[in-house]
1. Any residue in the range 298-320 that's under 13 Å from residue 279 (Cα atoms) and more than 8 Å from the ligand (Cβ to nearest atom): show its pairings with residues that are charged (D, E, K, R) and at pLDDT 95 or above at Cβ separation under 7 Å, as long as the two are six or more apart or on different chains.
2. Could you list, in sequence order, all residues of the range 246-259 that are more than 6 Å from the ligand (Cβ to nearest atom) and under 22 Å from residue 165 (Cβ atoms)?
3. So, of the residues in the range 211-221 that are in contact with a Leu (Cβ under 6 Å, 6 or more places away or on another chain) and under 12 Å from residue 276 (Cβ atoms), which turns out to be nearest to the ligand (Cβ to nearest atom)?
4. What tally of residues in the range 286-295 results from selecting those that are over 20 Å from residue 230 (Cβ atoms) and modelled with pLDDT of 95 or more?
5. If you go through the range 102-130 one residue at a time, how many are outside any strand (DSSP E or B) and either within 15 Å of the chain's Cα centre (by Cα) or within 21 Å of residue 291 (Cα to Cα) (or both)?
6. Please list, ordered by first then second residue, the pairs with beta carbon atoms under 8 Å, 6 or more apart or interchain, first in the range 10-35 and within 16 Å of residue 64 (Cβ to Cβ), second aromatic (Phe, Trp, Tyr) and assigned to a strand (DSSP E or B).
7. Which residues, taken from the range 238-285, are charged (D, E, K, R), more than 19 Å from residue 222 (Cβ to Cβ) and in contact with a Gly (Cβ under 8 Å, 6 or more places away or on another chain)?
Amino acid sequence: MSNCSRTALVFAECADGKLRRVALEALGAARQLVQDGGAVHAVLVGGGTAASEAAAELAARGAGVVHVIDDPALAQFAPEAYAAAIGAAVAAVRPSMILLGHTAAGRELAPRVAAAVRGGHIADVTAVETTDGGDAVFTRPLYAGKAFERRRFLPGAPWVITVRPNNLPLADGVPPDRQGVIAALPFTAPPLSTTVLAIARKADAGGVDLAEADIIVAGGRGVRSAAGFAPLQALAQTLGGVLGASRGACDAGYCDYSLQIGQTGKTVTPKLYIACGISGAIQHLAGMSQSRVIVAINKDPEAPIFSIADYGIVGDLFEIVPLLTKRFQLL
Ligand code: FAD
């Protein structure tokens, strides 16, 4: 596929009515992939929440047309209904590529969308390279981050791509005269096989969005108790970050599993990851080794976490973390 003929459709995922950052990262990738010759569309889906603010932001950041689908059936995330909504946008746009975030929703939707359009699918993309000739190469991690593969689509079928949050640059703004238009797209919800009755959020998990956090202070078994997380929380608060944890800390009951980072937890790529009392088991590294700057605090100088840390502090976290907090409070 030459870049001149490319048309991209971005699924603009929202959380609590607000555009998720990964939607703007997917939009940036779409703009890079179509380059100057093609068109970039976005589809914004919701039930009374396909907010105009989100649509305006997409239009201001280079989506040529923002298709808004607002339907009561889309009030809660339901894969069948959302896939049908994306299908309606696909029918209207006939894109050569469809981009989604590699989020819980994106992971559910992308295979459905790929099957519906009989497209190829590359998941969990962490880098996109394009050549002047229009070739595109996608990088994605394998084996829990122990290897990377570079993959490209073969000519023919549409592309379906999910992009890992926090890896690709955000779409830049465009001048007012190049901003896109916002248009409502008619949609008839299909009959669904299941329906969501209610979503009960755990009180202590509310508001934590590890996947999009810029700064994470994570605790491991070395934190020793639930109360031991208090100094980490103070440091996170001082830095404007959020708490994370190893599975060791979750299994020990020191914190909620919603904080678990790693192979069987969340994958995070913050700008700063501070690991406190975490040994650095391979399953933990699988979820955080792509962080931009890693600081490890551990009293064991041989702890494996130091092998991937940019900065290592050998010592007792209960002495060091409060010192760091005090120091940052002075800045
Ligand atoms: P430990 O390995 O016990 O390390 C505690 C560390 O704290 C030690 O290095 C110690 O030196 C240090 N320490 C102790 N006291 C202090 C102190 N006062 N100051 C400073 N340092 C101190 N793990 C994950 O994290 N995420 C996953 O998603 C995950 N998935 C898994 C999936 C499978 C299939 C399996 C088998 C395992 C998985 N694990 C996962 C578990 C993983 O193998 C480790 O057991 C776990 O990561 C260990 O957690 P930890 O580093 O907190 O604890």
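1. The qualifying pairs are 314/299.
2. We begin by selecting, within the range 246-259, every residue more than 6 Å from the ligand (Cβ to nearest atom); these are 250-259.
Once the filter is applied, which keeps residues that are more than 6 Å from the ligand (Cβ to nearest atom) and under 22 Å from residue 165 (Cβ atoms), the range 246-259 yields 250, 255, 256, 257, 258, 259.
3. Start the filter on the range 211-221 by keeping residues that are in contact with a Leu (Cβ under 6 Å, 6 or more places away or on another chain), which leaves 215, 217, 219.
The next check asks that each one be under 12 Å from residue 276 (Cβ atoms); those that pass are 217, 219.
Working: 217: 13, 219: 8 Å.
The extreme case among them is 219.
4. Filtering the range 286-295 for residues over 20 Å from residue 230 (Cβ atoms) gives 286-294.
Remaining after also requiring modelled with pLDDT of 95 or more: 293-294.
Qualifying residue count for the region: 2.
5. If we filter the range 102-130 for residues that are outside any strand (DSSP E or B), which is where we start, we get 102-119, 126.
After this cut, where a residue has to be either within 15 Å of the chain's Cα centre (by Cα) or within 21 Å of residue 291 (Cα to Cα) (or both) as well, the list is 102-110, 126.
Residues flagged as outside any strand (DSSP E or B) and either within 15 Å of the chain's Cα centre (by Cα) or within 21 Å of residue 291 (Cα to Cα) (or both) within the range 102-130 amount to 10.
6. As it stands, the answer is 23/11; 26/11, since those pairs meet every condition given.
7. Taking the range 238-285 and keeping what is charged (D, E, K, R), we get 247, 251, 256, 266, 271.
Checking which are more than 19 Å from residue 222 (Cβ to Cβ) leaves us with 266, 271.
The one that is charged (D, E, K, R), more than 19 Å from residue 222 (Cβ to Cβ) and in contact with a Gly (Cβ under 8 Å, 6 or more places away or on another chain): 266.
Each row is one residue, and each column tells you yes or no for (1) among the aromatic types (Phe, Trp, Tyr); (2) farther than 23 Å from residue 74 by Cα; (3) outside any loop (DSSP other than H, G, I, E, B).
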position	(1), (2), (3)
132	no, yes, no
150	no, yes, yes
166	no, yes, no
194	no, no, no
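The values are calculated or read from the model by the stated rules, or taken from the named source; none is laboratory data. Computed from a predicted model, the values in this text were never measured in an experiment. Neighbour counts run over all protein chains shown; Cβ positions are idealised from the backbone, glycine included.
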